[in-house]
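What follows is one structure encoded as structure tokens, with my remarks underneath.
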Amino acid sequence: MTSQADQATAAAGSPSRDDGVTIRTCPACGQAFTRSGRRRYCSQACRQAAWRGRHAPAAPAPPVPPPGRKRAVTVYECRTCAARALGTQRCEDCRTFMTAAGIGGLCPNCDEPVTITELITGNDG
């Protein structure tokens, strides 16, 4: 078994510890460059671009209806005739109350009420 000093000496000389051997191209643009010291990027512009990429702002959260009543953005579906309405709880055909299918809106193509879940999963109902 080797001593810890021998292991440290072997690790220091290995290519994984020698940046001159392992890093020869710029990680930002891929261009080859002559290394000097601990420099990792070929230019200041690449260094800044890499920093900006690591510290990019998080993607904005999807819009959510305001707290409180959500009747105006709720899609309702009639149990009897399967009619749908946006924001109206009473079926105009059957004169009965409908059940909530989920939060949604009108389809921009056909003006029919659709729920967000249906848009995401691709289900028709």
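The values are calculated or read from the model by the stated rules, or taken from the named source; none is laboratory data. From a predicted model like this one, the values you see are computed outputs, not experimental measurements. Heads up, the Cβs are rebuilt from the backbone with ideal geometry, glycines too, and the neighbour counts pull from every protein chain shown.
Residue-wise test of (1) without any contact (Cβ under 8 Å) to a residue 12 or more places away in the chain; (2) under 30 Å from Tyr41 (Cβ atoms).
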site: Arg52; (1), (2): yes, yes
site: Val64; (1), (2): yes, no
site: Val75; (1), (2): no, no
site: Cys91; (1), (2): no, no
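Is at least one residue of region 50-69 at pLDDT below 90, surrounded by 10 or more Cβ atoms within 10 Å (Cβ to Cβ), hydrophobic (A, V, I, L, M, F, W, C) and under 23 Å from the mean Cα position of the chain (by Cα)?
Looking for residues that are at pLDDT below 90, surrounded by 10 or more Cβ atoms within 10 Å (Cβ to Cβ), hydrophobic (A, V, I, L, M, F, W, C) and under 23 Å from the mean Cα position of the chain (by Cα), one finds none in region 50-69, hence no.
Starting from residues that are of a type in the set (A, V, I, L, M, F, W, C) and loosely packed, with under 13 Cβ neighbours inside 10 Å, keep the ones in region 82-104 and report whichever is modelled with the lowest pLDDT.
So the first thing to find is which residues in region 82-104 are of a type in the set (A, V, I, L, M, F, W, C), and the list is 82-83, 85-86, 91, 94, 97-98, 100-101, 103.
Add one more test, that the residue is loosely packed, with under 13 Cβ neighbours inside 10 Å, and what stays is 82, 97.
Values: Ala82: 90, Phe97: 93.
The selected residue is Ala82.
Quick test of your reading of the structure: Ile103 fulfils all but one of (1) touching an Asp or Glu at 6+ places or on another chain (Cβ under 8 Å); (2) in contact (Cβ under 8 Å) with a residue 24 or more places away in the chain. Name the failing condition by number.
(1)
Residues that are touching a helix residue (DSSP H, G or I) at 6+ places or on another chain (Cβ under 9 Å) and not basic (Lys, Arg), at least 3 per element: which strands (runs of 3 or more DSSP E) completely within region 19-125 meet that?
Per the criteria, 99-106.
With (1) out of contact with any strand residue (DSSP E or B) (no Cβ under 9 Å at 6 or more places or on another chain); (2) free of Cβ contacts under 8 Å to residues at least 12 places away in the same chain as the list, and Arg47 as the residue in question, which single condition is left unmet?
Going through the list (1) out of contact with any strand residue (DSSP E or B) (no Cβ under 9 Å at 6 or more places or on another chain); (2) free of Cβ contacts under 8 Å to residues at least 12 places away in the same chain, Arg47 breaks only (2).
Taking Cys78 and the conditions (1) surrounded by 10 or more Cβ atoms within 10 Å (Cβ to Cβ); (2) closer than 30 Å to Thr25 by Cα, which numbered condition does it fall short on, given that it satisfies the others?
Status for Cys78: all satisfied but (2).
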